1. Taking residue B:238 and the conditions (1) without any contact (Cβ under 8 Å) to a residue 24 or more places away in the chain; (2) of a type in the set (Gly, Ala, Ser); (3) in contact with a Leu (Cβ under 9 Å, 6 or more places away or on another chain), which numbered condition does it fall short on, given that it satisfies the others?
2. Considering only residues that are away from every other protein chain (no Cβ under 14 Å) and among the β-branched types (Val, Ile, Thr), which ones fall in the stretch B:59-96?
3. Taking the stretch B:105-122, which residues are assigned to a helix (DSSP H, G or I), open to solvent by less than 10 Å² (accessible area, probe 1.4 Å) and not β-branched (Val, Ile, Thr)?
4. Residue A:45 is checked against (1) part of a loop (DSSP other than H, G, I, E, B); (2) more than 20 Å from residue A:109 (Cα to Cα); (3) open to solvent by 30 Å² or more (accessible area, probe 1.4 Å); (4) facing chain B (nearest Cβ under 9 Å) and fails just one. What number does that condition carry?
5. Go through the stretch B:339-446 and tell me which helices (runs of 4 or more DSSP H), entirely inside it, have 1 or more residues that are open to solvent by 30 Å² or more (accessible area, probe 1.4 Å), within 24 Å of residue B:102 (Cβ to Cβ) and among the small types (Gly, Ala, Ser).
6. Could we say that residue A:95 is touching an Asp or Glu at 6+ places or on another chain (Cβ under 8 Å), in contact (Cβ under 8 Å) with a residue 12 or more places away in the chain and either open to solvent by 10 Å² or more (accessible area, probe 1.4 Å) or of a type in the set (Gly, Ala, Ser) (or both) here?
7. Among the residues of the stretch A:68-96, which ones are of a type in the set (A, V, I, L, M), outside any helix (DSSP H, G or I) and more than 28 Å from residue B:130 (Cα to Cα)?
8. Right, residue B:230: within 22 Å of the chain's Cα centre (by Cα), within 21 Å of residue B:133 (Cβ to Cβ) and surrounded by fewer than 19 Cβ atoms within 10 Å (Cβ to Cβ) or not?
Amino acid sequence: MQAFTRHSGIVAPLDRPNVDTDAIIPKQYLKSIKRSGFGPNAFDDWRYLDEGGPDIDDSTRRINPEFILNQQPYDRATVLLARENFGCGSSREHAVWALTDFGFRAVIAPGFADIFFNNSFKNGLLPITLDSAVVDSLFGKVQQNRGIEFTIDLESQTVTAGEDVYAFEIDEFKKYCMLNGLDDIGLTLQHADQITAYEQERKQKLPWLF
Amino acid sequence: MTARTLYDKLWDDHVVRTEDDGTALLYIDRHLVHEVTSPQAFEGLRIAGRKPWRTDSVLAVPDHNVPTTDRSAGIEDPVARLQVKTLDNNCSEFGLTEFDMSDIRQGIVHVIGPEQGATLPGMTVVCGDSHTSTHGAFGALAFGIGTSEVEHVLATQCLLQKKSKNMLVSVDGHVNEGITAKDIVLAIIGEIGTAGGTGFAIEFGGDAIRALSMEGRMTVCNMAIEAGARAGMVGVDATTIDYVNNRPYAPQGEMRDRAIENWQQLHSDSDAVFDKVVHIDAASIRPQVTWGTSPEMVVAIDAGVPDPDTVKDRVKADGMRKALAYMGLEAGMPINRIAVDKVFIGSCTNSRIEDLRAAAKVAQGRKVANNIKLAMVVPGSGLVKQQAEKEGLDKVFLEAGFEWREPGCSMCLAMNADRLEPGERCASTSNRNFEGRQGQGGRTHLVSPAMAAAAAVAGHFVDVNDLMSHN
């Protein structure tokens, strides 16, 4: 996994609540058996005017000029500013893969759906939860300064937007894994003996589960 | 010992170890696998040279991509065919049990787990699918995970988790005639919102929940995720134990007696404290219909489409306007005047035998209205289909003008050929009315199976009680 330490980048505002994972990556792309190549289809229904699919060449499709990520400089954005309940719905990790493949490194919102939130950490995409009044003011800043860059520092847990610095919370363990780009399967397997011991005890106590 | 909630008990029972910040390594008893969210996880195992930790904990089934029409020629779409084939190959390579497309037991993963007794009280159940919350109906801790977590569970039998907070949603009293589990859960989501349960595990309780069959409880827990909660659950009682009894994967004989003794502890202690408690008056619940593009955008059948101009919160009002534009509706329009084009009865929310019986009762002796282009019934599994046919439900549907299909996820998410065309409006018993969910530009209204069947015969939404009393 790509580590996340400090990142500065253009912020794209996506001003709608409850952006679901079906919107982030529509189902026809879930037929892929790979982890990559989802970027051109991130927000597919909003990004293009015609329907796409795994066997359709996206370069031949009609772009929706009104959609924020089709506008400069947001087509180069690496930070997404979003509203409440971002990433709700389906557990598809393809939504995170689509965002990282597009180039996003972080999403800032007043709240995230739990599964999306967890999936993000497995792929080096940092979900940052800030108070909704703060997010509101960040939308104001982005509107006033098109193309503004925010700097996100994970070590100090801060988002710097112009003159203002906002602190965010993050679990210590998630922070440690993100900072170091750690594969948690490897970490968990360091405790294989403990898992085996637990399992043996469980087998004795609740044999019908085995 | 301090009083504990059901969630506390299930959690405590599965913790292998805890990190300093409270992140726990949680043991997983049952891992359900389907074709869409697993290929990259198996590929990850292969790349790292790892093997599944416990093969007997896994039950795999293709469901999202499978055709619901004649399967004898296989899957026409080459991309979907490869994905299903990849699941078959991965299961045989790693020695995992799979009910493949030709197996009578094949069906939607959240239907077959309980049907086989592969979901048992007291288990942790995970699947790379958000509707895994369904299995919480059995007094289990069940939640959806992403593909990286699927790989993590395959490799370690564990997951890294932070404990959620406890919420009790108590549906007090009794529902009126014609009100189903789907109406109850849509009313709950309307009340607490789609982010209302975020960060919580929800226990559903109260007399109206206790009175539900296991099928009904599964419908309610299935949509806990639509209220933002990864896990929904119901305490174990006689209804639970009766359902589990004699299922193929459930314990038998002396082992069964021991298990039942253990399962009877799986309910919240009477003095357990919840972080949040919500009360819903069951008698106030009317048949529900969603009008927008989020499951919280829901009203009663006799209401009108809400007006965003009356909503103070700007972000919320804008969201409502976008939803109305997408849905092609106007504020104030009576719900029971909205005409539909297609009707879908199926999905992991509502494709069990009880759902099909409820829909068939409405369809019996009636005809699908002329303006309906397609009304389809997709049973949740091969065994549900078999049972329905034994009861003659297939004939009721076919005579009324419905199509009777093979089991799968079908038009709930339209990964296979079953889908809406742009602008088409659907009365659907599924769980998500998101933009494009059932096909790009498609407009979804979520309802119960009885309400979907009623919409099919009336050609527009109608209170199923009115329809039934007129004949």
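1. All conditions are met except number (3).
2. Listed by number, the residues that qualify are B:61, B:68, B:69.
3. Those that are assigned to a helix (DSSP H, G or I), open to solvent by less than 10 Å² (accessible area, probe 1.4 Å) and not β-branched (Val, Ile, Thr): B:110, B:113, B:114, B:116.
4. (1)
5. Once the helices (runs of 4 or more DSSP H) in the stretch B:339-446 are filtered for at least 1 residues that are open to solvent by 30 Å² or more (accessible area, probe 1.4 Å), within 24 Å of residue B:102 (Cβ to Cβ) and among the small types (Gly, Ala, Ser), nothing remains.
6. The answer is no for residue A:95.
7. Selection gives A:77 alone.
8. No: the conditions fail for residue B:230.
The values are calculated or read from the model by the stated rules, or taken from the named source; none is laboratory data. Everything quoted here is computed from the prediction, not taken from an experiment. Please note: Cβ atoms are built from the backbone with ideal geometry, for glycine as well, and neighbour counts cover all protein chains shown. Keep in mind that these areas ignore ligands, DNA and RNA; they rest on the heavy atoms of the full protein, side chains included. Shrake-Rupley method; radii C 1.70, N 1.55, O 1.52, S 1.80 Å.
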